[in-house]
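The values are calculated or read from the model by the stated rules, or taken from the named source; none is laboratory data. Keep in mind that this is a model prediction, so the values were computed, not measured. Cβ coordinates were reconstructed from backbone atoms using ideal geometry, including for glycine residues, and neighbour counts include every protein chain displayed. Surface areas here come from the heavy atoms of the whole protein model, side chains and all, with no ligands, DNA or RNA. Shrake-Rupley method; radii C 1.70, N 1.55, O 1.52, S 1.80 Å.
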Amino acid sequence: MIETAELAGFWAAHGIWSVSDGETLIPMLAYEQPNGERGMDRFMLDDIGESTRAAQEVLDGNERDAIRAVLVADAYLNLDTGRTDALIVDAVRYGLGSLRLAVPYCPLTDSTAFAVYRPTFLEVTGVGQPDYDSLADAFFAGVDSHEDAAAVWNAHLAEPA
């Protein structure tokens, strides 16, 4: 699951980069083929919820015949401090397991600055007792591998209010 966590970090960073200017993320599905080639599709329908559902169907059905894939979608997360914007990252290593993370963020508006908060693992399946430290290290290695996006992420990293 380490390689899957790295891929998830790369595409989560790309998502953060995409929303850093105040826009809603168009759901994206990134995938890695058995030969190592990678691709990414965006799902742009009339409704963002329908776009996310369409991307989820492609992820669940492995319509790209990938060995691993990552879906990144813009959503809301209910935390103890209230509802917040978040990127939900669903990563799958087909035939092995999956992980789901949330990357909370504060969108750029006329009255708020853009901020990124610490990601949270929501679920890890298919691997006995998950090694969260190793998965987190791999995730952040993936973030750092996307140089442009990592610069935005790191410049706006904040602690929740």
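Structure notes:
- Residue list for the stretch 77-117, filter: in a loop (DSSP other than H, G, I, E, B) and in contact with a Phe, Trp or Tyr (Cβ under 9 Å, 6 or more places away or on another chain): 107, 108, 114, 117
- Take the conditions (1) closer than 15 Å to residue 16 by Cα; (2) open to solvent by 30 Å² or more (accessible area, probe 1.4 Å); (3) assigned to a strand (DSSP E or B); residue 123 misses just one of them, which is (1).
- Output for the stretch 37-72, where each listed residue is in a helix (DSSP H, G or I) and either of a type outside the set (Gly, Ala, Ser) or touching a Pro at 6+ places or on another chain (Cβ under 6 Å) (or both): 48, 50, 51, 52, 53, 55, 56, 57, 58, 59, 60
- Residues of the stretch 141-161 satisfying the condition of being hydrophobic (A, V, I, L, M, F, W, C) and open to solvent by 80 Å² or more (accessible area, probe 1.4 Å): 157, 161
- Residue selected from the stretch 1-36 under the condition among the aliphatic types (A, V, I, L, M) and assigned to a loop (DSSP other than H, G, I, E, B), by the criterion nearest to residue 90 (Cα to Cα): 1
- The condition (being surrounded by fewer than 16 Cβ atoms within 10 Å (Cβ to Cβ) and aliphatic (A, V, I, L, M)) is satisfied by just one residue among 73, 113, 91: 113.
- The residue pairs whose first member lies in the stretch 14-25 and is closer than 12 Å to residue 105 by Cβ, whose second member is open to solvent by 90 Å² or more (accessible area, probe 1.4 Å), and whose beta carbons are closer than 7 Å, counting only pairs six or more residues apart or on different chains, are 17/148.
- When residues of the stretch 126-140 are limited to those that are assigned to a helix (DSSP H, G or I) and small (Gly, Ala, Ser), the one surrounded by the fewest Cβ atoms within 10 Å (Cβ to Cβ): 134
- The stretch 96-147, residues that are closer than 26 Å to residue 80 by Cβ, within 14 Å of the chain's Cα centre (by Cα) and not aliphatic (A, V, I, L, M): 98, 100, 104, 105, 117, 118, 119, 120, 121, 123, 139, 140
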